[in-house]
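No lab work stands behind these numbers, since they all come straight from the coordinates. Quick caveat, the model's predicted, so the values are computed rather than measured. FYI the Cβ positions are ideal-geometry reconstructions off the backbone, even for glycines, and counts take in every protein chain you see.
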Amino acid sequence: MMRAPMGRRLATTAALALAAVAAAGCSRTSRMDARCIAGDVAVCTELGDMYATGRGVPRDLGQAARAYDRACSGGATDVCATLGEIVEQADSAEGGLPRAEQLYAKACGGGSSRGCLDLGRVAALRGDLSQAVSLYERSCSGGWAPGCYDLAVSYRNGDGVAKDLPKALALYQEACDAEHAESCIAAGDLYLGEDPPVAHDLAAATRMYGRALDIYKQACDAGSQPDCTEQDRMRSRLALIGAGKELTVK
């Protein structure tokens, strides 16, 4: 009896192995879906994350939204904010911004600092800047660094609150300490500006930019390509400063 050529046997073995992996993945997803439908909030959240990122399954925001919806209904308030962000970007068939706002309100009311930030951004879109600031404050006080960043921007620009650069700088630094790279950069920019009462301080700006570089490097090393790009930009900025070509930031 003739045996199949080695190359064909290897190809067949590989195909069978891939089919087995796919079947196992499908089986696992089916089991998770059944547990999610039965009310397991943690599994719904994990399943939503898998579909949202394409981890172990084809990326499918519709499937992610369905899993997140069950998790949100089960009391996972941060997931309500995640679902709101998906809905906000979807077409009107998913409810669009009005439904997203409802989800953000549910998240914020349930103690989600992320949800309060999202709700504040919706208020800002409507032009209600004082309400937006109030929600950013709730988000920031709850420990959500992006909330502190948006609050700092409000104080820097005088949007919905009296302009206060020292307050903005303090908020940027607070968010920077919480690993929010954009806040580190914004703090550095303030130190390089010429706007009193924040003193022009090249050394402080360099420290802030260096902290942003560290944060981007960690994310880049973990495999985030966008953070690798930002890392390169920060290296270029620091190189210019090191060469005595101080940046002028308006």
query: For the chain, modelled as a GNM with alpha-carbon contacts under 10 angstrom, which of ALA186, ALA71, ALA170 fluctuates the most?
result: ALA170
message: I need the phi-derived Karplus couplings for region 36-41: 6.51 cos²θ - 1.76 cosθ + 1.60, θ = phi - 60°, integer Hz, Gly and Pro marked x.
response: 5, 4, 6, x, 7, 4
- prompt: Considering every pair of different Cα atoms, what Kirkwood radius, in Å, is found for region 84-142?
  reply: 11.1
query: What list of ³J(HN,Hα) values in whole Hz, one per residue of region 144-152 in order, does the Karplus curve 6.51 cos²θ - 1.76 cosθ + 1.60 (θ = phi - 60°) give from phi, with Gly and Pro shown as x?
result: 8, 4, x, x, 5, 4, 5, 5, 4
field: GLN89 versus ASP60: modelled label distance in nm, points set 7 Å from Cα along the beta carbon direction
entry: 1.8
query: Which angle between 0 and 90 degrees, to the nearest 10, do you get for helix 181-192 versus the longest principal axis of the chain when only C-alpha atoms count?
result: 20
message: Please compute the length gained on full extension between ARG31 and SER236, using 0.36 nm multiplied by the number of residues separating them and subtracting their Cα-Cα distance.
response: 68.9 nm
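Considering only the other residues whose Cβ falls under 12 Å of the Cβ of GLN218, what net charge follows from Lys and Arg at +1 and Asp and Glu at -1? Kindly include the intermediate steps, with their values, before the conclusion.
Numbers: positive: ARG211, LYS217; negative: GLU179, ASP214, ASP221, ASP227, GLU230.
Neighbourhood net charge equals -3.
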query: Hey, what angle do you get for helix 165-177 against the long axis of the chain, alpha-carbon based, 0 to 90 degrees rounded to 10?
result: 30
task: Please find, in a Gaussian network model of the chain (springs between Cα atoms separated by less than 10 Å), the residue of ASP128, ASP221, ASP78 whose mean-square fluctuation is greatest.
output: ASP221
field: For the chain, calculated [θ]222 nm from helices alone, where every DSSP H run of n ≥ 4 adds -39500 (n - 2.57)
entry: -25000 deg cm²/dmol
- request: State the percent of C-alpha pairs, over all pairs in region 35-110, separated by a distance greater than 16 angstrom.
  value: 44
message: Output wanted: per-residue J couplings in Hz (rounded whole) for region 204-211, from phi through Karplus 6.51 cos²θ - 1.76 cosθ + 1.60, θ = phi - 60°, x for Gly and Pro.
response: 5, 4, 4, 5, 5, 5, x, 5
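Count charges around SER73 for me, please; just the other residues with Cβ under 13 Å from its Cβ, Lys/Arg as +1, Asp/Glu as -1.
That sum, taken over residues with Cβ under 13 Å, equals +1.
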Rounded to whole Å, sorted largest first: equivalent-ellipsoid semi-axes of the chain, Cα gyration tensor: 43, 29, 13
task: Specify the residue with the greatest mean-square fluctuation among TYR191, TYR172, TYR68, computed from a Gaussian network of the chain linking alpha-carbon atoms under 10 Å apart.
output: TYR191
